[in-house]
Structures are given as C-alpha cells and as structure tokens.
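Scroll down for the structure; my scribbles are underneath it.
Values in this text are rule-based calculations from the coordinates and carry no lab data. Please read all numbers here as calculations on a predicted model, not as lab measurements. Glycine also receives a Cβ, built like all others from the backbone with ideal geometry; neighbour counts cover every protein chain displayed.
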Amino acid sequence: MLVQMLDDKRSRGALPTVLHDRLMLFLRYFLFLGGMPAVVQHYIDHRDVKAVRKLQSEILMAYERDFSKHTTPSTAIRISEIWRSLPSQLARENKKFRYADVRKGGRASRFESAIEWLRQGGLVHSLHRCKVPKLPLAGYMDESSFKLYMLDSGLLGAMLDISSRTIVMGNSLFSEYGGAFIENHAVTELIKEGMGDLFYWTSQGQAEVDLIVKLEDVIVPIEVKSGMSRHAKSLRLY
C-alpha cells in the first residue's frame with residue numbers, strides 16, 4: 001500500500017499518519033545503515049544492527065589501511081587526519097571546512113592534496129561556496145570556502161559511534177550533531193541522481209542556503225531542515 005501511494009503521481013494530499021510514521025522509521029534505518037552493499041545485505045540477512053555497526057567499523061579500518069597501501073607514509077597520515085576530522089567538521093553548525101580543526105595551525109598547502117585524494121577516490125564529496133547565485137555557478141565559485149561530506153551516512157554514524165537506539169527514539173537522529181546526518185544524506189542522494197555540481201551560498205554571515213543546484217537552466221536553492229520548523233529565513237534572504 002505504501003509503495004502504491006508513493007508511485008501514484010496523482011496523489012497530492014498528505015500521507016496518512018500511520019504511513020508517514022512508517023516512512024520516517026525507514027529513513028531512520030537508512031541513515032543508520034547507510035548504503036554500503038555489504039552492510040545492507042548483512043542487515044537483510046540477519047536483522048542485527050549491532051553486527052551492522054561492527055561491519056561498518058571494519059570498513060572504516062579497511063579504508064585507513066588503504067590510505068597507507070596506496071600512498072606514501074606522510075601522505076597517508078594527512079589523509080587520515082582529514083578523514084578523521086570529518087565527523088567534527090559536519091557536527092558544527094557552520095559546516096565550512098576548517099584546516100585548523102584537522103591540526104592546530106593546519107593550512108591548505110599541507111592538506112589540499114590529501115583532500116583531493118579522498119575526493120578522487122569517491123570517499124568525500126566537496127561543495128564550494130557560490131559567491132553570487134548566477135549562471136554559470138562554477139564561474140562564481142569561492143575556491144577557499146567549501147564543505148566536505150562523507151560518501152555514506154552509515155559510516156558517518158559509525159565514526160560518531162551513534163547508538164542503534166536512535167532508530168526507535170523518534171526523530172532525534174535528524175537533528176543530532178547539527179543536522180549532520182540529514183544534510184549529508186541530502187548531498188549524497190542528489191549526487192546519486194546525477195546532480196554532481198552542488199554549491200552552497202552565504203550572505204555576509206547573515207544567512208546560508210545549504211545547497212544550490214542547477215536544473216536545466218534554472219538555479220534551485222535547497223534548504224535542508226532537520227527539525228519540524230518549516231520557516232527558512234535563509235531562503236527569504238536568498
């Protein structure tokens with residue numbers, strides 16, 4: 001019935017509460033599990049979220065081993081430092097990437113190549129600030145201001161050691177850590193849909209639009225809301 005209603009393009013009304021609640025539960029499961037094939041298959045086979053978290057931790061350790069396997073020792077250290085800083089970078093209200101949060105006194109010149117290695121490997125997605133929301137967006141890109149998102153919400157949760165209890169504890173998972181999970185999820189899903197050129201926009205520190213994307217020849221601002229409030233001051237200032 002749920003799938004039928006979602007597939008019905010003519011349905012414009014709100015979903016019945018019982019179906020809406022079911023969808024929200026599925027979303028919480030997805031944010032916890034993520035989309036790594038081995039993790040999803042393990043959960044389908046065993047329905048054991050604790051075992052899933054163990055598998056996610058093993059995947060994270062395998063990534064760290066790959067850093068050393070495919071780069072020089074000094075580069076591997078810098079890649080690991082960037083990688084391990086991502087949860088705290090995303091947990092901030094202002095998610096702009098800060099080199100000083102990787103290492104005290106950290107600078108772009110030291111870590112740029114490590115970020116590019118992670119980006120080329122598909123482990124992170126980078127979104128640059130758009131100084132002016134005009135086409136072409138890339139022409140107004142601020143090279144020095146960007147955010148980094150992880151490839152998978154489940155791995156992000158494993159790095160933050162989020163308890164499996166959050167699945168059944170209402171919608172707290174959406175707003176925890178500054179809405180990191182729901183914003184990371186929005187970015188990864190848009191990229192999966194082929195919208196790879198994503199940006200964000202700020203207005204002299206007064207407001208921020210989380211995502212800006214070009215659909216055909218139209219610039220579309222997207223505000224990611226992690227709570228129940230539907231007010232979006234940033235979009236009004238955009």
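Data overview
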read-out	value
Ranked list, fewest to most other Cβ atoms within 10 Å of each Cβ, for 135, 15	135, 15
Two-site FRET efficiency, residue 47 against residue 175, from Cβ-Cβ distance with R₀ of 30 Å, rounded to 0.05	0.70
Structure-based [θ]222 nm, the chain - -39500 (n - 2.57) summed over DSSP H runs of at least 4, per residue, nearest 500	-16000 deg cm²/dmol
Region 189-222-region 95-112 distance, computed between alpha-carbon centres (Å)	24 Å
For region 60-121: rounded, prolate or oblate by the Cα gyration tensor [a/c cutoff 1.5]	prolate
Leading residue at positive end of dipole, region 2-237 (Cβ point charges), from 186, 19, 109	109
Percent RCO, i.e. relative contact order, over the chain, from Cα pairs under 8 Å lying at least 6 residues apart	18 percent
Full-stretch length increase - residue 143, residue 60 - with 0.36 nm per residue and alpha-carbon distance subtracted	27.0 nm
Gyration tensor (alpha-carbon) shape descriptor, region 161-204, a/c threshold 1.5	oblate
Principal axis dimensions, region 2-237 - Cα atoms, whole angstrom, descending	54, 47, 28
Nearby aspartates and glutamates by direct alpha-carbon distance to residue 69 (threshold 18 angstrom, same-chain neighbours under 8 apart not counted)	58, 81, 116
Spin-label proximity, residue 98 to region 174-210 - amide N less than 16 Å from point 7 Å beyond Cα toward beta carbon	178, 205
Residue 200 long-range amide H proximity, modeled H, under 5 Å	128, 129, 130, 212
Sorted by Cβ neighbour density within 10 Å, fewest at the top, the residues 175, 144	144, 175
Residue among 194, 139, 13 with the largest mean-square fluctuation in a Gaussian network model of the chain, springs linking Cα atoms under 10 Å	13
Residue among 217, 197, 66 with the largest mean-square fluctuation in a Gaussian network model of the chain, springs linking Cα atoms under 10 Å	217
